[in-house]
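Peer 1: Got a structure for you, written out below as structure tokens; questions coming shortly.
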Amino acid sequence: MATRVVSEMDDPAARGRAGYAVVDLETTGINPEWNERIVEVGVVHVAPDGQVEGQWETLVNPNRDLGPQRVHGITGREVREAPTFERIAGPLSDLLAGRVLVAHNLRFDAGFLTIEYRRLGVEVPVGVEYGLCTMRLARSYLPGAGRSLADCCAVFDIDNPQEHRALTDAAATARLLSCYLDLDPAARHWYDSLDRAAGLSWPHLPRTSAEWLPREAARGRQRHFLGRLVEHMPGDEEPEDRAEYLAMLDRVLLDREISAHEADELVALAEDLGIGRELAHRLHAHYVDQLARAAWSDGVITENERHDLRTVGSLLGMSIDEVDGIIAEQPPDDPAEDATAVPSFSLAEGDKVVFTGATERPREQWERAARGAGLVPHPAMTKNVKLLVAADPDSLSGKARKARQYGIPIVGEGTFGRLLGSVT
């Protein structure tokens, strides 16, 4: 069934209130009491006879780092424009009210929902005593089978092509519930749970105009920053100093990636400096030219250097032919003929570095490696920190927000590993 988006046109009464609401959540961690947050919600409605009636999903902006991203696969770039839980709380309660809450490991999902709603000052009837857990029901209906969602689904040949995505996990759980209903349609607990759910009281929560944002929609919104610049601005032809823009380019491209936040910074700075699309393209060519001159300093361009220059050019909206044309022009022998030089970022002994997020390599190991290179791991983000190492360069953590405010570069752990070898 195609994904639907909750809107203010949805009428719970028109949908009917009898049935089940199968829920799955992706989260930043395992314990909501430790300030872990929901990052994705999937809901599937199932009728009392087991037929699927509708499904909904959205990413959720947790306003913090995303935890173990290798598990759920959600990036900071995707959730940065997603609604917060507060914005979806009303529509979500409409999807759950009057229905039996169902989840695979209901205690986990109900715990997160309880805490998220409690942060908004309301109590909702989503505890394990009100719903049904397909993992617990497996003890009765699937004796001898494993308890994971994958194990239970395998018994019925239920396919789940995208594990750890909220909607596909919820859809698989909904099909598992339907199979349980087929196995034992007259069981008393089905009727008892439906009657109980119909009598539960839910608090009134205001509806918002927030659009639910599935992963594909979030990815579809991503657009190259150069296309967001005004095509031509009055100052584009003036030979003004653009060193500030070039300096930001160097900071942004330190890890040879342009995060969504960095793209926003480039666009904002270009607008402040009166740089339109045409001038930006010329400045980008100048930046690549400076990198090429540095690469030519030993008299040869290696394949790795050529690949790096092409990577930078591509990130800046340049074609391979444009970059290769720049590379082909060896720099003059006299460095005085050079125009505006591009500032270059470097780390030196004694520089402070800060870490944020659930990195692939344990943070303690990175801190030891930093100390071994002469750097100083620092617990807090201040203006005299030189670099922030993040599990995700688009991290929404408080440290990442401070780093952007102070203009401190943010890089992933792979880039940091490479930088360690060049500490001066």
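The values are calculated or read from the model by the stated rules, or taken from the named source; none is laboratory data. Please read all numbers here as calculations on a predicted model, not as lab measurements. Cβ placement follows ideal geometry from the backbone for every residue including glycine, while neighbour counts extend to all protein chains displayed. Accessible surface areas use protein heavy atoms only, side chains included; no ligands, DNA or RNA. Shrake-Rupley method; radii C 1.70, N 1.55, O 1.52, S 1.80 Å.
Peer 1: Can you give the FRET efficiency for L269 and E329, using 1/(1 + (r/R0)^6), R0 = 22 Å, r = Cβ-Cβ distance, to the nearest 0.05?
Peer 2: 0.20
Peer 1: Still on this model: So the label point goes 7 Å from the Cα of W34 along Cα→C-beta, right? Which residues of the range 98-124 then have their backbone N under 20 Å from it?
Peer 2: Once the point is set 7 Å along Cα→Cβ of W34, 105-117, 119 turn out to lie under 20 Å by backbone N, inside the range 98-124.
Peer 1: With contacts defined as alpha carbon pairs under 8 Å and 6 or more residues apart, what's the relative contact order of the chain in percent?
Peer 2: Over the chain, the number comes to 16 percent.
Peer 1: log₁₀ I(q)/I(0) of the range 29-146 at q = 0.10, 0.20, 0.21, 0.22 Å⁻¹, via Debye over equal Cα point scatterers, no solvent, to two decimals?
Peer 2: The Debye formula, applied to the Cα set alone, gives -0.34, -1.25, -1.34, -1.41.
Peer 1: Here's a follow-up. Report the far tail of the P(r) of the range 382-423, meaning the percent of Cα-Cα pairs longer than 16 Å.
Peer 2: 31 percent
Peer 1: Using a Förster distance of 22 Å, how high is the FRET efficiency between E244 and R363, based on the Cβ-Cβ distance and rounded to 0.05?
Peer 2: Efficiency, from the Cβ-Cβ distance: 0.10.
Peer 1: In whole percent, how big is the carbon plus sulfur part of the accessible area of the chain, probe 1.4 Å, protein atoms only?
Peer 2: Taking all protein chains in place, the chain shows 49 percent carbon and sulfur surface.
Peer 1: Just by accessible area at a 1.4 angstrom probe, what is the order of Y287, Y406 from largest to smallest?
Peer 2: Y406, Y287
Peer 1: Given the Cα-Cα distance of T302 and Q405 and 0.36 nm per residue of separation, how much length would full extension add, in nm?
Peer 2: 33.4 nm
Peer 1: Between R371 and R418, how many nm apart are label points set 7 Å from Cα along the C-beta direction?
Peer 2: Using points 7 Å along Cα→Cβ, the separation is 2.7 nm.
Peer 1: Considering amide H positions built from the backbone, and no H for Pro or chain starts, which residues 5 or more places from K352, or on another chain, come under 5 Å of its amide H?
Peer 2: Amide H to amide H, under 5 Å and 5 or more residues apart or across chains, K352 pairs with V376, K386.
Peer 1: Same structure, new question: Under a crude label model (7 Å from the Cα following the beta-carbon direction), how far is S148 from D321 in nanometres?
Peer 2: Here the answer is 5.1 nm between the modelled labels.
Peer 1: How big is the chain in terms of Cα radius of gyration and Dmax, in angstroms?
Peer 2: 26.6, 89
Peer 1: I would also like to ask the following. Under a point-charge model restricted to the Cβ atoms of Lys and Arg (+1) and Asp and Glu (-1), what is the dipole moment magnitude of the range 120-206 relative to its Cα centre, in debye to the nearest 20?
Peer 2: 120 debye
Peer 1: Let me ask something else. Considering only T173, T134, T311, give the residue with the highest GNM mean-square fluctuation for the chain, with springs between Cα atoms whenever their separation is below 10 Å.
Peer 2: Result: T311 has the largest fluctuation of those listed.
Peer 1: Mind checking the angle between helix 85-96 and the chain's longest principal axis? C-alpha axes, 0 to 90 degrees, to the nearest 10.
Peer 2: 30 degrees
Peer 1: Hey, what's the chain come to in accessible area per residue, 1.4 Å probe, Å²?
Peer 2: Result: 46 Å² of accessible area for each residue.
Peer 1: OK, next. Can you give the extra length, in nm with one decimal, that the chain gains between S344 and D184 once fully stretched, where that is 0.36 nm per residue apart less the Cα-Cα distance?
Peer 2: Full extension of this stretch gives 50.7 nm more.
Peer 1: Give a residue-ordered list of calculated ³J(HN,Hα) values for the range 273-287 (Karplus: 6.51 cos²θ - 1.76 cosθ + 1.60, θ = phi - 60°; whole Hz; x for Gly, Pro).
Peer 2: 8, x, 9, x, 5, 5, 5, 4, 5, 5, 5, 5, 5, 5, 4
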